[in-house]
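**Q** One structure, pasted below without further comment.
Read-outs: derived from the displayed coordinates by stated rules, not from any lab. Values in this document were obtained by computation on a predicted structure and should not be read as measured data. Positions of Cβ are backbone-derived with ideal geometry, glycine not excepted, and every protein chain shown enters the neighbour counts.
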Amino acid sequence: MITIDNVTMKFDLGIEGTNYLKENLINLLKGKKKKAEYFYALKNVTFKVETGEVVGIIGRNGAGKSTLLKIVSGVMKPTKGKVSVDGAISPMIELGAGFDMELTARENIYLNGAVLGYSKSFIEDKFEEIVEFSELREFLDVPVKNFSSGMIAKLAFSIATIVNPEILIVDEILSVGDIKFQEKSKNKMLEMIKGGTTVLFVSHSMEQIEDLCTKVVWLEHGEIVKMGDTKKICKEFIKTMMEEN
């Protein structure tokens with residue numbers, strides 16, 4: 001269902017400088033050439049996710065996990081390689097990114113639902129279900145700019161999971177809200193998985209990875225270290241992290 005073929009993502013660090021154009025002009029007048037500085041977030045990453053699989057992506061911060069999810073979701077285009085996806089994707093990468101902070105929670109349910117491709121009639125039919133799951137009924141007419149980050153994430157999760165997508169792309173969303181909501185989110189994910197949803201899942205929680213994933217891809221410095229059995233690789237990953245501390 002998802003084929004990731006020799007994917008490389010290279011960022012030019014030079015263009016991030018605030019005085020990039022000015023610096024280039026000065027260097028040009030002085031006859032100097034700016035040395036290119038590159039960072040490889042991913043290097044020749046290749047693997048497949050079959051229909052109905054739940055694949056966990058693990059690795060320390062900066063390993064390339066979120067970059068990979070953005071490429072699979074179509075948010076980013078890889079420098080090299082390609083990604084083939086057979087099915088409709090529901091990306092849950094930056095919850096609340098499609099919200100208008102000046103609007104109320106009620107208004108954002110309709111706005112974000114429209115962004116996700118839901119019809120107005122569908123949102124109206126599912127409105128009560130969204131509100132009930134989010135646990136934010138008393139805040140429906142409060143502008144989202146007054147919400148905590150946890151409240152925003154709860155609302156976004158409740159909207160995004162109102163349908164069972166063919167492919168779910170998940171980045172650290174099961175850590176939003178309080179413990180009770182985290183358990184609800186996990187159960188919702190399990191419900192989707194049982195319904196046949198294919199999942200690509202990033203988390204720093206090895207417990208969540210072991211509970212949900214059928215196999216694991218371990219990334220370090222943008223490259224695959226190991227891939228395969230969930231419990232075995234999670235155990236090796238934890239051991240490596242402990243030995244370095």
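**Q** Could you check what % of the DSSP bridge pairs in the chain are antiparallel, to the nearest 5?
**A** For the chain, the DSSP antiparallel bridge percentage is about 55.
**Q** OK, next. Describe numerically, in nm with one decimal, the distance between label points set 7 Å from Cα along Cα→Cβ at VAL225 and at MET241.
**A** Each label point is offset 7 Å from its Cα along the Cβ direction, giving 1.0 nm.
**Q** How large is the convex hull of the C-alpha atoms of region 101-163 per residue, in Å³?
**A** Numbers: hull volume 4.5 nm³, N = 63.
Enclosed volume per residue, from the Cα hull, is 71 Å³.
**Q** For region 127-135, what does the Karplus curve 6.51 cos²θ - 1.76 cosθ + 1.60, with θ = phi - 60°, yield as ³J(HN,Hα) per residue in whole Hz, taken in order and with x for Gly and Pro?
**A** 4, 4, 5, 5, 5, 4, 5, 6, 6
**Q** For region 234-244, take each phi angle, set θ = phi - 60°, evaluate the Karplus expression 6.51 cos²θ - 1.76 cosθ + 1.60, and give the result in whole Hz per residue in order, putting x for glycine and proline.
**A** Working through the residues one at a time gives 4, 4, 5, 5, 4, 4, 4, 5, 5, 5, 7 Hz.
**Q** Would you kindly compute the Cα radius of gyration of region 197-245 and its largest Cα-Cα separation (Dmax), both in Å?
**A** Rg, Dmax (Cα atoms, Å): 10.8, 37.
**Q** Between GLY81 and residues 5 or more places away or on another chain, which pairs have amide H atoms under 5 Å apart, with H built 1.01 Å from N, and which residues are they?
**A** Excluding prolines and chain starts, which carry no amide H, the hits are THR8.
**Q** Apply the Kirkwood formula to region 110-245: the hydrodynamic radius equals the inverse of the mean of 1/r over all pairs of different alpha-carbon atoms; give it in Å with one decimal. Working shown, then result.
**A** Numbers: mean 1/r = 0.0597 Å⁻¹.
Computed over region 110-245, the radius equals 16.8 Å.
**Q** For THR104, what residues show an amide H to amide H distance below 5 Å, using hydrogens built from the backbone and excluding near sequence neighbours?
**A** The answer is VAL144.
**Q** Still on this structure, I have one more. How long is the gain from MET76 to LYS180 if the chain were fully straight, where each residue apart is worth 0.36 nm and the alpha carbon distance is subtracted? If you can, show how the numbers build up before the last one.
**A** Working: separation 104, 0.36 × 104 = 37.44 nm, distance 3.37 nm.
Contour length minus Cα-Cα distance gives 34.1 nm.
**Q** Which semi-axis lengths, in whole Å and largest first, follow from the square roots of five times the eigenvalues of the Cα gyration tensor of region 45-84? Present the calculation step by step, with values, prior to reporting the outcome.
**A** Values: eigenvalues 53, 47, 17 Å².
Working through the eigenvalues yields semi-axes of 16, 15, 9 Å.
**Q** Starting from the Cα-Cα distance between ILE89 and ASN187, subtract it from 0.36 nm times their residue separation and give me the gain in nm to one decimal.
**A** The ILE89-ASN187 span can extend by a further 33.3 nm.
**Q** Determine ³J(HN,Hα), in whole Hz, for all residues of region 56-69 in sequence, where each value follows from phi through the Karplus function 6.51 cos²θ - 1.76 cosθ + 1.60 and θ = phi - 60°; x replaces Gly and Pro.
**A** Residue by residue, region 56-69 yields x, 10, 10, x, 6, 4, x, 6, x, 5, 5, 4, 4, 5 Hz.
**Q** Amide H of VAL225 versus every other amide H placed in the peptide plane: which residues, excluding those fewer than 5 positions away on the same chain, fall under 5 Å?
**A** Amide H neighbours of VAL225, under 5 Å, 5+ apart: TRP218, LEU219, GLU220.
**Q** A further question on this structure: For the chain, just list the percent of Cα-Cα distances falling in each 5 Å bin from zero outward, please.
**A** 1, 6, 12, 15, 16, 14, 12, 10, 7, 4, 2, 1, 0, 0
**Q** At what distance in nm do the modelled label points of THR8 and GLU53 sit from each other, each positioned 7 Å from its Cα along Cα→Cβ?
**A** 2.4 nm
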